[in-house]
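This report refers to the structure that appears directly beneath it.
The values are calculated or read from the model by the stated rules, or taken from the named source; none is laboratory data. Everything numeric in this text was worked out from a predicted model, so none of it was measured. Methodologically, a virtual Cβ is constructed for each residue, glycine included, from the backbone with ideal geometry; neighbour enumeration extends over all protein chains shown.
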């Protein structure tokens with residue numbers, strides 16, 4: 001298994017553990033559902049799929065990955081976006097529920113959401129280019 005795939009897959013397992021813990025905390029009290037769902041769906045599921053794609057697409061197309069460097073950039077942006085989004089969103093909701101100014105938290109949510117989206121488009125570009133143009 002290549003190192004980039006291993007990095008994504010191992011990180012996905014960390015997010016699976018974290019989302020499981022947060023899932024248990026949901027039963028204790030509200031407030032963890034956003035973090036639980038994002039760590040489960042983006043952290044565990046998406047990171048696992050990213051890792052599997054980075055391993056299997058080059059193998060099945062018999063082509064090298066377009067850019068390992070883009071894969072590493074995507075990895076770090078995806079982590080920054082996911083963690084930042086998962087931490088800033090609950091603050092935004094808390095401020096809104098207390099009828100306080102939530103604009104800074106809302107800005108953080110938008111920034112981290114954008115970072116996460118950029119990481120996904122880097123993945124799409126990298127895999128698309130790795131698949132090449134041939135229609136065998």
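Scan region 23-46 for residues that are in a helix (DSSP H, G or I) and either in contact (Cβ under 8 Å) with a residue 12 or more places away in the chain or under 19 Å from residue 112 (Cα atoms) (or both) and the total you get is 15.
Conditions: (1) in contact with a helix residue (DSSP H, G or I) (Cβ under 6 Å, 6 or more places away or on another chain); (2) at pLDDT 95 or above; (3) exposed (fewer than 15 other Cβ atoms within 10 Å of the Cβ). Residue 42 meets all but one. Number of the miss? The one condition residue 42 does not meet is (3).
If you go through region 47-64, how many residues are touching a residue at least 40 places away in the same chain (Cβ under 8 Å) and under 20 Å from the mean Cα position of the chain (by Cα)? Explain how you work it out, then say what you get.
Filtering region 47-64 down to residues touching a residue at least 40 places away in the same chain (Cβ under 8 Å) leaves 48, 50-55, 57-58, 61, 63-64.
Within this subset, residues satisfying the condition of being under 20 Å from the mean Cα position of the chain (by Cα) are 48, 50-55, 57.
Of the residues in that region, 8 qualify.
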